[in-house]
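Read-outs throughout are calculated quantities, based only on the coordinates presented, and are distinct from any laboratory measurement. Predicted model, so just to flag it, every value in this text is computed and none were measured. Ideal geometry is used to build each Cβ from the backbone, glycine not excepted, and the neighbour counts take in all protein chains shown.
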Amino acid sequence: MYTLLTRDGLAKRGRLETVHGTIETPVFMNVGTVGAIKGAVSTDDLKTIGTQVELSNTYHLHVRTGDELIKKFGGLHKFMAWDRPILTDSGGFQVFSLSGLRRIKEEGVYFQSHIDGHHIFMGPEESMQIQSNLGSTIAMAFDECPPSKADESYIRNSVARTTRWLARCKAKMAELNSLPDTVNPHQLLFGINQGGILADVRKEHARIISEMDLDGYAIGGLAVGETHEEMYHILDETVPCLPADKPTYLMGVGTPANIVEAVDRGVDFFDCVYPSRNGRHGHVYTAHGKLNLFNKKYELDPRPIEEGCGCPACRTYSRAYIRHLLKAKEMLGMRLCVLHNLYFYNHLMERIRAAIEEHRYKEFKKETLEGFLTPEEELR
């Protein structure tokens, strides 16, 4: 059950009670596509850095290892030794990202595996079955993510099909949750709003899916090629059309600045691969912007990545040492950068929640965004 605790403007401070524990929102979900965060990050590490929700990918776990095998282990929580909430996406994004390997029909999507080329069919019922086998806390409805710049007729037809698929997902979820051998009979279902950058389509779709009384609502199909200004405009138009008393999830977004802006527009769930992906390449986040630790200027820098940071990297190691590890291609360097970045994102969400509770979010947003734009060199 989701409880809206307070609001500061449109910013929401909420709490989602689940069978796997409580989620304090706004929240950033740490992305572990195949049941692990890339960068040699364990589930014990995730607890140390303050992770509330881990996110895994339905399509990828289905094609490699297999959801039926994971069900035999008692579900993804037991398989990966994680006892807090897990959200699984539906495989719908792969309809977009693997466009060269799939065909979309009314019944669902025909894929070729990106691993070995074997043929796969996934529709709403199959996606729900896979996610039920995984036993995630939150399952995402199966949808199509149309290209943001596709023509209007394509987007309208795609959104109408996504709506029909959502009804099928809801019916299948209810059936699966009632079965005696279901891994998680309390699995929640979030629907997904689509519509490219067409505000009228977005708003109409938001109103239609709001009437389906789901456990939460996501906004998909953003951060896929449109500008930040276009994304913020769509949020301004769409979020007010979704239920304020349910979680609102902006899928695949984004930078720290994107998150701060989206919270101000009423979004309270986020995920993105940026912190882990950038960390693996030596790019680390601070309150004063992003640093590239491969730069020679850090060769003799004795400071932690960020002064005052409580992450495992900053508590012990210098920029110079982490740079040395990265240059030497030692995995520890990559791991420390990923841990720092995820800690930074998780801690940013703690600060966001506090600012909303104290009704000072506008000031927090202004100060935080100004900080991100400060060149690090000028602070010395």
- Note on the structure: Short to long, in 20 Å steps from zero, the percent of alpha-carbon pairs of the chain per bin is 29, 58, 13, 0
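With N set to the residue count of the range 216-298, report its C-alpha Rg divided by 2.2 N^0.38 Å to two decimal places.
Relative to the rule-of-thumb radius for its length, the range 216-298 sits at 1.26.
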- Ordering of 294-302, 16-24, 269-277 by packing [mean C-beta count within 10 Å, highest first]: 269-277, 16-24, 294-302
- Message: For Trp82, Trp165, which order do you get if you count the other beta carbons within 10 Å of each Cβ and list the fewest first?
- Response: Trp82, Trp165
- Among 323-332, 152-161, 249-258, 336-345, what's the highest-first ranking by average C-beta atoms within 10 angstrom per residue? 336-345, 249-258, 152-161, 323-332
- Item | Nearest 10 degrees, 0 to 90: helix 124-134 Cα axis against the chain principal axis | 50
- Message: Using the Cα atoms of the range 275-380, I'd like the radius of gyration and the largest Cα-Cα distance, Dmax, both in angstrom.
- Response: 14.3, 47
- Item | Positive minus negative residues near His324 (Lys, Arg vs Asp, Glu; Cβ under 13 Å) | +2
- Message: Charges on Cβ only, +1 for Lys and Arg, -1 for Asp and Glu, centred on the Cα centroid of the chain; of Ala328, Tyr232, Met29, which one is farthest towards the dipole's positive end?
- Response: Ala328
- Please report, in debye to the nearest 20, how large the charge dipole of the range 1-92 is about its Cα centre when each Lys and Arg carries +1 at its beta carbon and each Asp and Glu carries -1 there. 80
- Provide the percentage of antiparallel DSSP beta bridges, counting only those with both residues in the chain; round to the nearest 5. 50
- Gain in length, Lys149 to Ser178, computed as 0.36 nm per residue apart minus the alpha-carbon separation, to one decimal in nm? 6.4 nm
- Task: Enumerate the amide H contacts of Leu5 below 5 Å, restricted to partners 5 or more residues apart or on another chain; note that Pro and chain-start residues carry no placed amide H.
- Result: Arg13, Gly14, Arg15
- Item | Flagged links, alpha-carbon separation over 19 Å, of Lys12/Lys246; Lys149/Lys170; Lys38/Lys329; Lys297/Lys366 | Lys149/Lys170; Lys297/Lys366
- Message: Shape verdict for the range 29-97, please, from the Cα gyration tensor: rounded (a/c under 1.5), prolate (a/b greater than b/c) or oblate.
- Response: oblate
- Principal semi-axes in Å for the range 113-205 [√(5λ), Cα gyration tensor, largest first]: 27, 17, 10
- If we count other beta carbons within 10 Å of each Cβ, what is the order of Ser132, Ser42, fewest first? Ser42, Ser132
- Query: If you put +1 on each Lys and Arg Cβ and -1 on each Asp and Glu Cβ, how big is the dipole of the range 279-379 around its Cα centre, in Debye rounded to 20?
  - Reply: 420
